[in-house]
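As structure tokens, the structure follows; a few thoughts come after it.
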Amino acid sequence: ESVKAITQAYEPGSTFKSVSALTILEQGTMGPEDTMFCPSSISADDYDVSDSHERDGETYSLREILNHSSNVGISLATEQAGFDKLYDNIKRFHFTESTGVDYPGEAAGNVLDFDNWAKITGYNVSFGQGIAVTPLQITRFYGALVNDGVEVTPHFLINLPQTGETPTYATEDVIENKSAIPTMVDMLKTVVTDGTGKPAQIEGFSVAGKTSTAEVAEGGKYKEDVYNLCFTGFLADSSSQLVCFVGANEVPGTGNVAGVFKDIMTCAIDRFKISPERG
């Protein structure tokens, strides 16, 4: 069941803000320390967008938008970069296609064709609503950040037991602006040191990642008082390229699964003899 869960599509919520932030960095409309005023809420097409916690209007840098996981901030910053550019990246990163993993029943992601986007669609997609992707797709995207922009087809099968043959799996270079990758990783580090991902910190290692508290869509509306929580991250600047996704579905929004990431990766550090510095 745990394997099946990572191949099913749902709205990813705030972890998708990393895709929007990378788009912004690639377009050069904002750098990590560039600031913009983020009101308490914004409106579009008779809908209001606000952050998950009440606040007054604030001036945030792009780094702080990610740290605070601000829906308003990422919406406005993505609009400035161009919603069409975000859509292009959604397609380029293959979020609307299955990954091709060697496991049955994998779902493909889903988003409206850009011709059908309203302004509110752009806002919603920028913070992970109005789009459905699988945890495996999200994990593959983070893998590209630690693999110099190259996405790898995920797989379970190491070799064919009957013949001993080792299958090969396709890769594709999907991040065009390589200079944006280290900046993106640096901002994900700050999410863990200063933002919502603090429970993921591992002594002696530089953890990069993003939390999410996503509403659960059902029957054209969102369920009350239950959320899908996740954390996706990796050990930046280390000898390992391991990426870890942790999720908990339909649980109270007061939780945080970043601590589970810490437990899993701490075990991985010991098992695989991972060094905090690149080998």
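The values are calculated or read from the model by the stated rules, or taken from the named source; none is laboratory data. Small disclaimer: the values here were computed from a predicted structure and weren't measured. Cβ sites come from the backbone with ideal geometry, for glycine too, and all protein chains shown count toward neighbours. Side chains are part of the model used for accessible areas, which takes the heavy atoms of the whole protein and leaves out ligands, DNA and RNA. Shrake-Rupley method; radii C 1.70, N 1.55, O 1.52, S 1.80 Å.
Details
- Summed over region 182-217, residues that are in contact with a Gly (Cβ under 6 Å, 6 or more places away or on another chain), among the aliphatic types (A, V, I, L, M) and surrounded by fewer than 21 Cβ atoms within 10 Å (Cβ to Cβ) total 0.
- Residue count for region 20-63 under the criterion of being at pLDDT below 95 and in contact with a Leu (Cβ under 9 Å, 6 or more places away or on another chain): the result is 0.
- Residue count, region 111-163 (criterion: in a loop (DSSP other than H, G, I, E, B) and either under 28 Å from residue 4 (Cβ atoms) or small (Gly, Ala, Ser) (or both)): 21
- Across region 1-49, the number of residues qualifying as surrounded by 16 or more Cβ atoms within 10 Å (Cβ to Cβ) and among the small types (Gly, Ala, Ser) comes to 7.
- All told, residue 66 meets the bar of being open to solvent by less than 20 Å² (accessible area, probe 1.4 Å), modelled with pLDDT of 95 or more and not small (Gly, Ala, Ser).
- Residue check for residue 208: at pLDDT 95 or above, in contact with a Lys or Arg (Cβ under 6 Å, 6 or more places away or on another chain) and farther than 16 Å from residue 143 by Cα: no
- Top-ranked residue of region 176-194 - restricted to ones that are assigned to a loop (DSSP other than H, G, I, E, B) and touching an Asp or Glu at 6+ places or on another chain (Cβ under 8 Å), ranked as farthest from residue 62 (Cα to Cα): 176
- Test for residue 47: is it in contact (Cβ under 8 Å) with a residue 40 or more places away in the chain and of a type in the set (Phe, Trp, Tyr): yes
- Qualifying residues in region 155-180 (those that are of a type in the set (Val, Ile, Thr) and open to solvent by 70 Å² or more (accessible area, probe 1.4 Å)) - the one farthest from residue 93 (Cα to Cα): 163
- Restricting region 50-61 to residues that are within 24 Å of residue 253 (Cβ to Cβ) and either part of a strand (DSSP E or B) or in contact (Cβ under 8 Å) with a residue 24 or more places away in the chain (or both), the residue that is least open to solvent (accessible area, probe 1.4 Å): 60
- Of all residues in region 8-29, those that are more than 13 Å from the chain's Cα centre (by Cα) and over 18 Å from residue 227 (Cα atoms) total 6.
- Only residues that are surrounded by 18 or more Cβ atoms within 10 Å (Cβ to Cβ) and under 14 Å from residue 204 (Cα atoms) were counted across region 241-273, and they come to 3.
- Screening residue 87 against (1) buried (at least 20 other Cβ atoms within 10 Å of the Cβ); (2) touching a residue at least 40 places away in the same chain (Cβ under 8 Å) leaves a single unmet condition, (2).
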